[in-house]
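Notes follow once the structure below has been shown.
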Amino acid sequence: MSGIYLDHAATTATLPEVVDEMKPYYTKEFYNPSSAYQPSQEVRKKIETVRESIASMIGAEPEEIYFTSGGTEADNWALTMQAKTQDEQWGHIITSSIEHHAIGHICNRIEQQGGKVTYLPVDSRGRVHVEDVQAAITEQTTLLSVMYANNEIGTIQPIHEIGMLAKERGIAFHTDAVQACGQVPIHVKKDGISMLSASAHKFQGPKGVGFLYIQKDLPIRRFLEGGGQERGVRAGTENVPGIIGMGKALELAVASMERRQKQETYLRDYLMQRIIREIPYSRINGHQWFRLPNHVSVAFRFLNSASLLIMLDMEHIYASGGSACNTGDPEPSHVIQAIQVPKEYQEGVIRFTLGAENTKQEIDHVVEVLKQRVAELRKQSPEYEDYQKRES
Ligand code: PLP
């Protein structure tokens, strides 16, 4: 790809080693893993090896991993699974006000159908407070669902503390780890996590495949009706090449995590510092420390992010405003509103998310382009002109 790709939170390129691992399962080893003959059983074995490998990388047991079509399905499944009690009564879900729509919209639907959902506030840096979780728990609470790391601002939540609270109170705890898995170490047992969603295309695996970890002793609700795949709870012929690619991608992501973290954190901090020092009226969104290693969310005053993104695109710099799912939406996102970004900055939010291939030269170039383009856009802004007059 030519250009500078800074949108790794939207998706990542599948690694060539991953594609190589997947290829035979489209052609020579195309067999349906549910068939009884020998070659199919070899494919079945390979899938089970991937299940074991994924489980070991997140501190789970192989029988606790269920393959899905991605993060959205895993999130929808986890939420619907715990929305009702065993005797089919609506329960109470506690979630945060900055979840991805794959959680937010399913919560809205659960509410429309009669369930009760509490949306916890976050502080100005995007963190949920454990005391707020504690205060929201009632006798009816069946599930806590708080994302591991936010896709728009990169803030990492106090997962261990929430997990310990959930354990103490005997409540299931789901976390949407779509942005975190492959970026930061995850250990479901140590952190008291009972369900976890992940998606392969965020860690250099293929698109359209993910997994849901479901703790062994949690009662499982069947999600897709049909055949007996995934131990009878998620029907549908397995995406064999996708599952195999996901296993390889996570293996590579875990093996390179430390190196990538160092490199990405360095570039992330460098980018944030240069923006803050060299572009006036800009502010960083999200948490200073509890932040994904590759994530920069910045808000510029006196401009509209849509115009800036077009200019960056023309310079072959690819970033996004908030999240890819909200591109084209003129309203500030629910996350930007929840962290109370000052009104005058809300329209100018840009997300840069780095990957292992990004370099310091690229970041230097991006900052130079930003300085020039931000200044150009501000020249066209009547608010900026008024502000300058008032200040002089
Ligand atoms: N959850 C979060 C936090 C995400 O960032 C995304 C995708 O951007 C999803 C869920 C949805 O995952 P998928 O694209 O695999 O459906």
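The values are calculated or read from the model by the stated rules, or taken from the named source; none is laboratory data. Keep in mind it's a predicted model, so treat the numbers as computed, not measured. Neighbour counts run over all protein chains shown; Cβ positions are idealised from the backbone, glycine included.
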Checklist entry - Which members of region 58-89 meet the condition of being touching a Ser or Thr at 6+ places or on another chain (Cβ under 9 Å), away from the ligand (no atom under 16 Å from the Cβ) and modelled with pLDDT of 95 or more? => result PRO62
Item to check | Sole exception among (1) β-branched (Val, Ile, Thr); (2) within 16 Å of the ligand (Cβ to nearest atom); (3) in contact with a strand residue (DSSP E or B) (Cβ under 7 Å, 6 or more places away or on another chain) for ILE98, by number | outcome: (3)
Item to check | Unmet criterion (only one of (1) of a type in the set (Phe, Trp, Tyr); (2) crowded, with 21+ Cβ neighbours inside 10 Å; (3) part of a helix (DSSP H, G or I)) for TYR270 | outcome: (2)
Checklist outcome for this item: Note: among ARG109, ARG51, just one is crowded, with 19+ Cβ neighbours inside 10 Å, basic (Lys, Arg) and within 30 Å of ILE171 (Cβ to Cβ), namely ARG51
Checklist entry - In region 191-200, how many are within 10 Å of the ligand (Cβ to nearest atom) and more than 20 Å from GLN261 (Cβ to Cβ)? => result 1
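Is it the case that region 124-134 has a residue that's among the basic types (Lys, Arg) and surrounded by fewer than 16 Cβ atoms within 10 Å (Cβ to Cβ)?
The initial filter retains those residues of region 124-134 that are among the basic types (Lys, Arg), namely 125, 127.
If we keep only those that are surrounded by fewer than 16 Cβ atoms within 10 Å (Cβ to Cβ) as well, we get none.
No, there is no match, as no residue in region 124-134 is among the basic types (Lys, Arg) and surrounded by fewer than 16 Cβ atoms within 10 Å (Cβ to Cβ).
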Next on the checklist: Exactly one of these conditions fails for PRO332: (1) free of Cβ contacts under 8 Å to residues at least 40 places away in the same chain; (2) of a type outside the set (Asp, Glu); (3) out of contact with any helix residue (DSSP H, G or I) (no Cβ under 9 Å at 6 or more places or on another chain). Give me its number.
Outcome noted: (3)
Item to check | Given (1) over 29 Å from PRO342 (Cβ atoms); (2) touching a residue at least 40 places away in the same chain (Cβ under 8 Å), index of the condition LYS116 fails | outcome: (2)
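Would you say VAL188 is within 16 Å of the ligand (Cβ to nearest atom), of a type in the set (A, V, I, L, M) and at negative phi? Quick ask: steps written out before the conclusion?
Details: within 16 Å of the ligand (Cβ to nearest atom): no; of a type in the set (A, V, I, L, M): yes; at negative phi: yes.
No.
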Next on the checklist: Anything in region 161-189 that is farther than 23 Å from LYS262 by Cβ, surrounded by fewer than 19 Cβ atoms within 10 Å (Cβ to Cβ) and in contact (Cβ under 8 Å) with a residue 12 or more places away in the chain? List them, or say none.
Outcome noted: GLU161, MET164, LYS167, ARG169, LYS189
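Does LEU144 count as surrounded by 23 or more Cβ atoms within 10 Å (Cβ to Cβ), in contact with a Ser or Thr (Cβ under 9 Å, 6 or more places away or on another chain) and touching a residue at least 24 places away in the same chain (Cβ under 8 Å)? Step through it out loud before you land on a result.
Working: surrounded by 23 or more Cβ atoms within 10 Å (Cβ to Cβ): yes; in contact with a Ser or Thr (Cβ under 9 Å, 6 or more places away or on another chain): yes; touching a residue at least 24 places away in the same chain (Cβ under 8 Å): yes.
So LEU144 fits the description; yes.
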Checklist entry - From the list GLY236, GLY210, which one is within 16 Å of the ligand (Cβ to nearest atom), surrounded by 15 or more Cβ atoms within 10 Å (Cβ to Cβ), on the phi < 0 side of the Ramachandran plot and not aromatic (Phe, Trp, Tyr)? => result GLY210
Checklist entry - So PRO219 fits all but one of (1) within 26 Å of LYS46 (Cβ to Cβ); (2) surrounded by fewer than 18 Cβ atoms within 10 Å (Cβ to Cβ); (3) touching a residue at least 60 places away in the same chain (Cβ under 8 Å); what number is the exception? => result (1)
